[in-house]
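Peer 1: Below is the structure I would like to discuss, written out as structure tokens.
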Amino acid sequence: MRIRRIDKINSPRVFFAVFLLAVLYYSISEAALESSVFSTASNESDYYASLVFSEKEWRFAQQFRKDLISLGERRSVVPGTLFYKYKPAKTESFAINSFGYRGDEIQPKEKDEFRIVVFGDSRIFGVLLADENTIPGALENNLKKAFPGKKIKVLNFGVEGLNFQRIADAAKHYYREVEADIILFDSGTSDINEAFVSGWRNLEPYDENALLPPAFGERPDEQLSAKIKLFNTIKLTFISDIAKFEKMSSGHDFVSVAISPEKIEKSDIFVKKLSENVEDVCLYFKERGVYAAYILPPIAQLHKPVSEIEGHLLFRHESFSPGLNLFSQRSWEKISEILAKKRNFKVIDLSMVFEGTKETMFYDGVHFTPAASRIMAHELSGKLAVIIEEIQNENAEKNR
């Protein structure tokens, strides 16, 4: 073999040759991918949402997303607290009031008005949903029909990405100012996802320069998003047959790998801590004379039978976070068991509200379809009607 001295190698020529080969390889690969069957596949959440929203609801949802993106970074922290809220805005599809929450400006409480404030995450905020299809909006309409002679107002204090600790801190911050008669808490998906990744954490207050996680519907890099979508589609295609076999052999309604001992420990700690946190917060408001209740909402992993679309979506989630589906199911079932035994505060367990419903309730595996949101509001209004009557009777006794 002939040996060449390194100083005799023409490095620029070699560099350009390698560079040209790399460009040629990339170009051929790109063309092959773009012209393949993968390029016409749709696996993004908007595709599935378009299948389950009505035509009118989907037109609204598209405008909603455009309006979200047009606002850029729309959230701001409240320094010294655990929560963040929205910056005031007015768009074609929704409004953010001066408090930093969805809806019209909050007026001083009227005489004889009964006010319910729902603190929650993006599912309470109502991503892609018209005001009347959000849980607070539909709940107000239902309660006005149930109590035609009563002034009932339901305020939407939902914000994307908040977990229970942050939601509870917002409630403590605002409950006097908004003059709440009933406070409702709704959380779940953010709590589960954070616990799955990093376990339970006692949060520290934000400072004014705090960085927030990416918001739902941020402006995407369209070219990069297309590339990521294409490669993810290819990946999902090649592991889907394995996933189908695993699902059949495991007996689960969805695809999930086994949970590691480390994740089981995280789940147990999360279940214990969240249950304690919910109890402490509800009792905090009870001691201050404000009725507070925790809504235990449904998650896609508890929907039986899971729809075909939800099955695809849960498979998609599992491919990025192996074990998440079983972790979510296990954690939420145990929390439901613990909270069902509580008698010193009110828990409204809606975790199985979609059981037996064959339609898709979670358009992206997390957020509610308009129909699902209305079902939630219907079930919740029935529970609250009883609570409102109890409060009215108690007040009548006190005034005698």
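Peer 1: Using label points projected 7 Å from each Cα along Cα→Cβ, tell me how many nm separate R176 and E397, to one decimal.
Peer 2: Once both label points are built, they end up 2.8 nm from each other.
Peer 1: Could you sort S54, S122 by accessible area so the largest value comes first, with the probe set to 1.4 Å? Don't skip to the answer; put the middle values down first.
Peer 2: Numbers: S54 50, S122 15 Å².
Reading off the accessible areas and sorting them downward yields S54, S122.
Peer 1: Restricting things to alpha carbons, tell me how big region 54-118 is in terms of Rg and Dmax, in Å.
Peer 2: Considering region 54-118 through its Cα atoms, Rg and Dmax are 14.8, 44 Å.
Peer 1: Please work out the Cα center distance from region 348-379 to region 385-400, rounded to the nearest Å.
Peer 2: Centre-to-centre (Cα) distance: 31 Å.
Peer 1: Follow-up. Which order do Y291, Y206 take by accessible area at a 1.4 Å probe, largest first?
Peer 2: These residues rank, largest area first, as Y291, Y206.
Peer 1: For region 152-194, state which trypsin sites (Lys or Arg not before Pro) are in a DSSP loop and have at most 11 other beta carbons lying within 10 Å of their beta carbon.
Peer 2: Numbers: sites: K153, R166, K172, R176; in loops: R176.
The qualifying sites are R176.
Peer 1: Sticking with this structure for a sec: What is the distance in Å between the Cα centres of region 280-311 and region 91-165?
Peer 2: Using only Cα atoms, the two centres lie 17 Å from each other.
Peer 1: Using just the Cα positions, wrap region 296-368 in a convex hull and report its mean projected area in square nanometres, one decimal place.
Peer 2: Working: hull surface 19.6 nm².
In nm², the orientation-averaged hull projection of region 296-368 is 4.9.
Peer 1: If you build the convex hull over the alpha carbons only and average its shadow over all orientations, what do you get for region 101-188? Give it in nm² to one decimal. Don't skip to the answer; put the middle values down first.
Peer 2: Numbers: hull surface 22.4 nm².
With the hull built on Cα positions only, its mean projection is 5.6 nm².
Peer 1: Quick one: net charge around E359, please, counting Lys, Arg +1 and Asp, Glu -1 for every other residue with C-beta under 11 Å from its C-beta.
Peer 2: On the way: positive: K358; negative: E308, E310.
Spelling it out: positives minus negatives among the neighbours equals -1.
Peer 1: Compare K263, K334, K145, K383 by solvent-accessible area with a 1.4 Å probe and give them largest first, with all protein chains kept in place. Don't skip to the end; give the middle numbers.
Peer 2: Numbers: K263 40, K334 75, K145 160, K383 95 Å².
I get K145, K383, K334, K263, largest accessible area first.
Peer 1: Between E132 and L211, what is the FRET efficiency for a Förster distance of 35 Å, r being their Cβ-Cβ separation, to the nearest 0.05? Provide the component values of the computation, followed by the final result.
Peer 2: Numbers: r = 35 Å, r/R0 = 0.99.
E between E132 and L211, to the nearest 0.05, is 0.50.
The values are calculated or read from the model by the stated rules, or taken from the named source; none is laboratory data. Remember, predicted model here, so these are calculated numbers, not experimental data. When we count neighbours, we look across all protein chains shown, and the Cβ atoms used for this are built from the backbone with ideal geometry, even at glycine. We work out accessible area using only protein heavy atoms, side chains counted, and drop any ligands, DNA or RNA first. Shrake-Rupley method; radii C 1.70, N 1.55, O 1.52, S 1.80 Å.
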